[in-house]
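The block underneath contains the structure these notes are about, expressed in structure tokens.
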Amino acid sequence: MKHKIKYNFWIAIAITSLSLTSCKKDYADPNRATSDKVFSSVNGLTGISVGLQRVYSLGRGSSLYNVVSMNGFITRELLLLNQGNLPEYQLQQGGSVVDGTNTMLAGLWTSSNKVIYEADQVITNAGNLTDKGIASGLIGYASIFKALSIGNLSMFWEKVPESIGTNVSFINRADGFTKAIAAINNALSVITTTPISASFAGTIPAGIDIVNTLQALKARYLLYSGKYGEALTAANLVDLTKKSTLNFEAANPNPIYDVAGSNFNVYQPIDSTMGLLGSLKPDLADKRIPFYMVLSGSSAARFLMKGFAASTTTTYPIYYPGEITLIKAEAYARQAVPDLPNALIELNKIVTKKAVNDPLGIGADLPMMVGPFTQAQLLDQIYRNRCIEMYMSGLKLEDMRRFGRPSATTLTGSERTRNLLPYPFRERDNNPNTPADPAF
């Protein structure tokens, strides 16, 4: 990933610390004699912060690869091309076939806890720096990856670790979203008190608008928490002309393209339905279909992924401007007294949007929807457009639960292969407080 940081000795040590893999989530290294210097210097804390993004976004074991892929198989967005990819095959099969041996769920669990642990180190120690403008940048940047990691755990597991350490206790996933929001609120408070130094952007990888991303993630997790008025307020603070992306280069490639998009050995898009059924299927005139996929010309799979997995260097969004507009639509529709006219106005901004008017180049370019619609009908259309607008974003499983899409205690009658995931065996073997696995 391109950035302007000079990796001195302390930064190298800081990033090396991210390779620790304790099953008990105790990531401190007692033999790391230089840790005090790392955590007390701008360079050291910056190196750790850049390491957060690397752990989150690079390689097959990254959070990005596992969130997008796991969600894609569970919600039937993706087509597995080779059953020899056992973790992916288990998730496609679903039900009891998925267990704690699955390396993808173990990878997401481990990488998320690593990021949370290291982010906490940055957030705590940055407050001691003399340059408060740099400190604000470090806290804001680290809090993005902390919130994403807590949010990812909360989207896939029924309960999440309350803290990082040995024999930790667990909290409900709803409380996990609350923790993610608290981390964001802390960062925004720090930045409000002392704005981020103008020079800070040159020390981290390009692509991320810190304040805008914090507000967007806050709106996301408030929506997931059912706090619709607050979600609407947060969404209205997001500048929809801006974007935030994870950037890649040949030496550090986009993991979705590198592992799956570049070949016909792992997976590709299921088809132009994007996994939606019946009346929810995309209109064939919807220009978001050719944005996300193209006819492959191969007998291995009819479609080849495009969108944010089109090449080695294609960027991946942290949030979607269209997501924020759809948060507004849903928040209006779900209020105690639903505001369906404003919900439809926001929804139509997505339905009629042209790609040229979207920072990420996503546009349905369809005719305006004309009501009247009932609340249920409007929510169906909001769900439909979330699935299309944010295809392969890793967010659909949470949406399926929130919108009450068909589920069951078995695969029969369900639109997804799991509701929530079992806990990794490495966690269960080392932490007696690990909860029982959900039945489905």
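Bear in mind that the values in this text are calculations on the coordinates, not laboratory data. For clarity, every value in this text was computed on a predicted model and none was experimentally measured. For neighbour counting, all protein chains shown are included, and Cβ atoms are generated from backbone atoms with ideal geometry for every residue, glycine included.
Data table
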item	result
Packing rank of 322-328, 157-163, 365-371, 261-267, where each peptide gets the mean count of other beta carbons within 10 Å, highest leading	322-328, 157-163, 261-267, 365-371
Mean separation of Cα contacts under 8 Å, 6 or more apart, over the residue count of region 347-415: relative contact order %	20 percent
Value at 222 nm in deg cm²/dmol, rounded to 500, when DSSP H runs of n ≥ 4 in the chain each add -39,500 (n - 2.57)	-14500 deg cm²/dmol
Label point distance in nm, MET368-VAL294, each placed 7 Å from Cα along Cα→Cβ	3.4 nm
Cα-based reach from LYS287 at 19 Å (exclusive), listing aspartates and glutamates while leaving out same-chain residues under 8 positions away	GLU77, ASP271, GLU323, GLU346, ASP358, ASP365, GLU389
Pair GLU162, LYS354: separation of 7 Å Cα→Cβ label points (nm)	5.5 nm
Gain upon complete extension [ARG401, PHE425; 0.36 nm per residue less C-alpha separation]	6.1 nm
Tensor-based shape of region 259-319 (alpha-carbon gyration tensor, a/c under 1.5 rounded, otherwise prolate or oblate)	oblate
For VAL98, VAL337, order by how many other beta-carbon atoms lie within 10 Å, fewest first	VAL337, VAL98
Given LYS354/LYS396; LYS37/LYS146; LYS146/LYS349; LYS179/LYS227; LYS218/LYS306; LYS146/LYS353, the pairs whose alpha carbons are separated by over 20 Å	LYS354/LYS396; LYS37/LYS146; LYS146/LYS349; LYS218/LYS306; LYS146/LYS353
Cα gyration tensor shape of region 213-365, rounded if a/c is under 1.5, else prolate or oblate by comparing a/b with b/c	prolate
Region 333-390: C-alpha gyration tensor shape, a/c 1.5 cut-off, then a/b vs b/c	prolate
Chain lengthening between ASP99 and THR124 when straightened (0.36 nm per residue, less Cα-Cα)	5.4 nm
Over 24 Å [Cα-Cα, region 56-155], rounded percent	34 percent
Between helix 375-389 and the chain: long-axis angle, C-alpha atoms, 0 to 90°, nearest 10	60 degrees
The chain: angle of helix 42-57 to the longest principal axis, Cα-based, in degrees nearest 10	30 degrees
Answer label for P(r) over Cα pairs in 20 Å bins from 0, in percent (calculated), chosen among (1) 26, 60, 14, 0; (2) 25, 53, 21, 1; (3) 26, 57, 17, 0	(1)
Tilt relative to the chain, helix 63-74 - C-alpha long axis, 0 to 90 degrees, to 10	30 degrees
